[in-house]
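*Asks:* Structure below; questions to follow.
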Amino acid sequence: MNVLQTNRFQKAVKKLHANQKLELDNAIQQLIQNPEIGELKKGDLTAVRVFKFKMQNQLTLLGYRFINDEPCLLMLSVGSHENFYRDLKA
């Protein structure tokens, strides 16, 4: 399965420490195993799924889209809950 990244996602990952990147990689591996475990959003964020996981004992959200035609995961954004959905809409 292909895993693609948006520029916003890449910038957020660059700011993470090495141990945080490992936890993010584990979350992405879980998504590769079962891409539908994230919560499907409604309204403006239709077709966006959000997977919640712990990164250093803090709740972190991972926004992505699962494209079933190609089997592909498009990583949109990662971060804390603060302004996450507002930034994802932009």
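*Asks:* May I have the convex hull volume per residue, in Å³, for the Cα set of the chain? Walk me through the numbers before you get to the answer.
*Replies:* On the way: hull volume 8.5 nm³, N = 90.
Roughly 95 Å³ of hull volume per residue.
*Asks:* Check each of the trypsin sites (Lys or Arg not before Pro) in the stretch 32-90 and keep only those in coil by DSSP with at most 12 other C-beta atoms within 10 angstrom; list them in order. It would help to have the intermediate numbers written out before the result.
*Replies:* Numbers: sites: Lys41, Lys42, Arg49, Lys52, Lys54, Arg65, Arg86, Lys89; in loops: Lys41, Lys42.
Sites meeting the loop and neighbour criteria: Lys42.
*Asks:* Carbon and sulfur atoms: what percent of the 1.4 Å accessible area of the chain do they account for?
*Replies:* Numbers: 2660 of 5890 Å².
Result for the chain: 45 percent of the exposed heavy-atom area is carbon or sulfur.
*Asks:* Could I ask something else about it? Within the chain, list the GluC sites (Glu not before Pro) lying in a DSSP loop whose Cβ has at most 16 other Cβ atoms in a 10 Å radius.
*Replies:* Numbers: sites: Glu23, Glu36, Glu39, Glu82; in loops: Glu36, Glu82.
Answer by residue number: Glu36, Glu82.
*Asks:* Shifting gears a bit: Using only DSSP helix segments of four residues or longer, with each worth -39500 (n - 2.57), what per-residue ellipticity at 222 nm results for the chain after dividing by its residue count and rounding to 500?
*Replies:* The per-residue figure over the chain is -10000 deg cm²/dmol.
*Asks:* In the chain, if the dipole is taken from +1 on Lys/Arg beta carbons and -1 on Asp/Glu beta carbons about the Cα centre, which of Leu73, Asn2, Gln56 is farthest to the positive end?
*Replies:* Farthest towards the positive end: Gln56.
*Asks:* Just how far, in whole angstrom, is the stretch 21-47 from the stretch 49-63 if you go by their alpha carbon centroids?
*Replies:* 9
*Asks:* Between beta-carbons, use under 12 Å as the cut-off and find the net charge around Phe51, counting Lys and Arg +1, Asp and Glu -1.
*Replies:* +3
*Asks:* A further question follows. Where nothing but the Cβ of Lys and Arg (+1) and of Asp and Glu (-1) is charged, how large is the charge dipole of the chain around its Cα centre, in debye to the nearest 20?
*Replies:* 340
*Asks:* So how far apart, in nm, are the two label points at Asn19 and Lys52 if each is 7 Å from Cα heading toward Cβ?
*Replies:* Placing both labels 7 Å along Cα→Cβ, they lie 2.4 nm apart.
The values are calculated or read from the model by the stated rules, or taken from the named source; none is laboratory data. Bear in mind that the values here come from a model prediction, so they are computed numbers and not experimental data. Here the Cβ is made from the backbone with ideal geometry for all residues, glycine too, and neighbour counts use every protein chain on show. These accessible areas exclude ligands, DNA and RNA; they are computed on the full protein's heavy atoms, side chains included. Shrake-Rupley method; radii C 1.70, N 1.55, O 1.52, S 1.80 Å.
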